[in-house]
Amino acid sequence: MGSSALAAVLAVGTVPAHAGVNQAKHTFKMSAPSYKRTDSNGTFTGQVNMAGTVGKSANMAWSFRTSKKVQAIATGRMTCTAGHMQLPYHDKHTSVAVDYFWHSSVPGNRRNKNYTLYGNCTFRVKVGGKTGTANLGFRFNYSLFDGISRSAEASDGPTGGEDTAYGSDLDIAFDS
């Protein structure tokens, strides 16, 4: 997605303003049906039963758990919301523990299409004696490749090319 398209999406409020600036990407295929990456803010996973996607849509199961570092600065519970740019998917959990193992499945994924899942959690923090509100976001671009058709990998879409490094974003707005 180009920067002007992303700005338009953010302007209408479809995606949280801080839903992961660093965009990881992965192409699920028979030889790579799962994805797991950890950064300083937490661990993200995704998996698809690729054998079950022949000729039909598939679920992309995913999870996210905050790191011990993030858990250590939290002073309260968090609210987490996930959504999808191409499919009618939404997931929300309010007032969950900061160490909550957030997991869900996105239904309706088809082979050889590019997809973007995003998530954002907000919670109160205390860092160096200062209090504030944290926004922890991630964005995950992915596709399912059938190994036969022209791959989504070859396109210029959000998952074109090789996997990229995963990176979630933690933004803290300190109280005045």
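The values are calculated or read from the model by the stated rules, or taken from the named source; none is laboratory data. Here the structure is a predicted model, which means the values were calculated and not measured. Glycine also receives a Cβ, built like all others from the backbone with ideal geometry; neighbour counts cover every protein chain displayed. Accessible surface is based on the protein model in full, side chains and every heavy atom, while ligands, DNA and RNA are left aside. Shrake-Rupley method; radii C 1.70, N 1.55, O 1.52, S 1.80 Å.
Scanning the stretch 126-144 for residues that are surrounded by fewer than 17 Cβ atoms within 10 Å (Cβ to Cβ) and among the charged types (D, E, K, R) yields a total of 2. Do the conditions hold for ALA134, that is, is it touching a helix residue (DSSP H, G or I) at 6+ places or on another chain (Cβ under 8 Å) and farther than 20 Å from GLY167 by Cβ? Answer is no for this residue. For the stretch 97-125, the tally of residues that are open to solvent by 50 Å² or more (accessible area, probe 1.4 Å), within 30 Å of PHE145 (Cβ to Cβ) and either in a loop (DSSP other than H, G, I, E, B) or touching a Pro at 6+ places or on another chain (Cβ under 6 Å) (or both) stands at 3. Just checking, does the stretch 60-68 include any residue being surrounded by 20 or more Cβ atoms within 10 Å (Cβ to Cβ), of a type in the set (Ser, Thr, Tyr) and closer than 20 Å to PRO33 by Cβ? No, the stretch 60-68 contains no residue that is surrounded by 20 or more Cβ atoms within 10 Å (Cβ to Cβ), of a type in the set (Ser, Thr, Tyr) and closer than 20 Å to PRO33 by Cβ. Taking the condition surrounded by fewer than 20 Cβ atoms within 10 Å (Cβ to Cβ) and modelled with pLDDT under 95, does ASP156 pass? Spelling it out, ASP156 is indeed surrounded by fewer than 20 Cβ atoms within 10 Å (Cβ to Cβ) and modelled with pLDDT under 95. Residues in the stretch 159-176 that are part of a loop (DSSP other than H, G, I, E, B) and open to solvent by 50 Å² or more (accessible area, probe 1.4 Å) were compared, and the one that is modelled with the lowest pLDDT is GLU162. Can you go through THR94, THR45, THR38 and tell me which one is part of a strand (DSSP E or B), open to solvent by 30 Å² or more (accessible area, probe 1.4 Å) and at pLDDT 95 or above? Sole residue among the options that is part of a strand (DSSP E or B), open to solvent by 30 Å² or more (accessible area, probe 1.4 Å) and at pLDDT 95 or above: THR94.
MET85 fulfils the conditions (1) out of contact with any strand residue (DSSP E or B) (no Cβ under 6 Å at 6 or more places or on another chain); (2) open to solvent by 30 Å² or more (accessible area, probe 1.4 Å); (3) of a type in the set (A, V, I, L, M) except for a single criterion, (1). Just one of (1) open to solvent by 50 Å² or more (accessible area, probe 1.4 Å); (2) modelled with pLDDT under 95; (3) within 13 Å of the chain's Cα centre (by Cα) fails for GLY147. It is (3).
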